[in-house]
Structure formats: structure tokens, C-alpha cells
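> Okay, here's the structure, questions in a sec.
The values are calculated or read from the model by the stated rules, or taken from the named source; none is laboratory data. All of these numbers come straight from a predicted model, not from anything done at the bench. Note that each Cβ is placed from the backbone with ideal geometry, even for glycine, and that neighbours are counted across all protein chains shown.
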Amino acid sequence: MKKVSILVPCYNEEKSLPLLYPELHFLMDNNTSYEWEILFVNDGSKDNTINIIKALRAADKRINYVDLTRNFGKENAMLAGFDYVTGDCMVILDADLQDPPSLIPQMLEYWEQGYDDVYAKRASRGKESWLRRKCSLIFYQILDKSSRFDILPNVGDFRLLDRCCINALKNLRESERYTKGMFCWIGYRKKEIIFDRGDRAAGESNWNFWSLSKLAVEGITSFTTAPLRIATIIGGIVAFFAFILIFYYSFKTIFCGDEVKGFTTIIVAVLLMGGIQLLAIGILGEYTGRIFNETKKRPTYLASYYNESKLI
């Protein structure tokens, strides 16, 4: 009998878990042709999440959990899930029920047909501000055009992965992670499912503007060096025009006898050059900082317990 693992990263989800588990329980009890495992990864929650997970584990032995020592972020929590799931395939599912568990049987059908990565694409994004939706679409367009491989727009972490994909992702151990790009980078045979994303069943989103901005920077710097090229191109264009201006004013001064004037022009030119230089230094700093973090080779996460018994 094939085994299906469901990975649920959790951070402060005490209100969502009591609503999620009945959905998963119904799913597992109505699909008895598979052996099931639910793996909760507690990402350093500050509320009662871990105690709820332990209570669920006591009532249902199909539930396992990994308890991280602190909040390492969802990307690293998913890596912990890749390390510990035992199924022949795995479904990544958020705890807030925005991604419907009822879609999993359809994913399994495509998996049985030979697809390795069955991903859910959002036809609608649920309750989300116009600005956030627009910024998200612009980000995916930028990342797709600047990368050497296709980045799937409106596709999140909700997907089914075959064991071959899980093993491939386990081998990608960089600390600065953007898993949505990694799903595309590893390749394998993919299948799309269209669905309407719902609203959170309970609680509040842990993703604010700054955390989403940080994730966007991670995505761009992890999968493309286009910003470095842009800084080089801008520098070359500015240098070219500066050379033209130097030649022009030198010609006027030497051959026409005009005095060099324009205090305002000089200030604007200095500020423009200074801004471009700071922008280029900032871009270099982002990449250098990531190189610095990778060279330290620290583990991407630390776990306290696995299934209440195994100390990591």
C-alpha cells in the first residue's frame, strides 16, 4: 500500500488546527486505499500550537510532528518536513484552510498517472488587497523574465510531490531559501490544477508587508543575477552620457570661450551619481550577505523533538 504524507508547517496556528484536523480526518478515512501520515512542523510557535499538536498525536497515531527550537521561517520549516516525511509522496498544506484538503484526491489521481509534481494554481487569491495582489503579480513577472527557467505565477506551496522530488529538495541545503523557485528548478513531470483559494478559517496571517518584501528579495537574489547586470548597465549608460557631457563642455570652453556654469547642474549630477553608486553597492551587499551566510554552513533549522520520543 502506498503511503501519502501531508506536511503542515505551523506558526501560531492554535485557532486553525482544530478546524483543519476534522477535514484531514475525513479525507484519510474516506481514502483507505492509501496509508496516511500527517507531519506537523511547529516553527517555534508562541501560542498553544504545540500542545494542540501533541493532543492530536495522542488521539491519532497517523499524526507525527517536529518541534523546532525557535522560529526559523516557513521555508526552513518545510525543509524539516522534507527531511522527516516517510511517504511515497507528500502534500504541502497550510494550516489556515485557504488551500482545500478536498483537492488532494484529485492530486493523487494525477500522481497515479505518473506526474511527479502536481501543483495547485490559484484562479482567485481569496481575501487580499488590490495592492498586495498587484505587487505579487509584478514580482512573479520580474522573476520569470530574469530567470533561466520558468517561474509559475499564482502558484504557492500547495502541491503534491513524488518521493523523487522530495529527495531532490532535501539535497538543496542553502540557508537563504526560496522554495517556490526550487520547485521549478528541480524540473520533473508537472501537472497543473486550477482552484479558487479561500479565506483564512481562523486567526490572522503571519505574513505582513515587510515579511513578503523580504521573501521577494530572497526569490530574486536566489534565482537570478539580473540586479547585478542592471547595476552594470545603468553604470555604463551614466558613464557614457557623462563622457559626452565632458566632451561637450570642454569643446565649448576651448573653442567658444564659454565659462563653465551651473551650480545646480553640478549638484544634480553629483546626487544622481551618488544615488546610482549607493544602489549598486546595496545590490552587491545583498548578494555578498547571502554568500556570507552560506559560507558559515550553519544548519538551516534545529529540532527539539520528533514524535515525542526522538531527540534531534
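> What number of residues within the range 132-161 are over 19 Å from D99 (Cα atoms) and at pLDDT 75 or above?
Here the count works out to 0.
> For the range 101-123, does any single residue satisfy the condition of being out of contact with any Leu (no Cβ under 9 Å at 6 or more places or on another chain), on the phi < 0 side of the Ramachandran plot, modelled with pLDDT under 80 and assigned by TED's automatic domain parsing to the domain that holds E23?
yes
> Can A80 be described as in contact with a Phe, Trp or Tyr (Cβ under 6 Å, 6 or more places away or on another chain) and at pLDDT 85 or above?
yes
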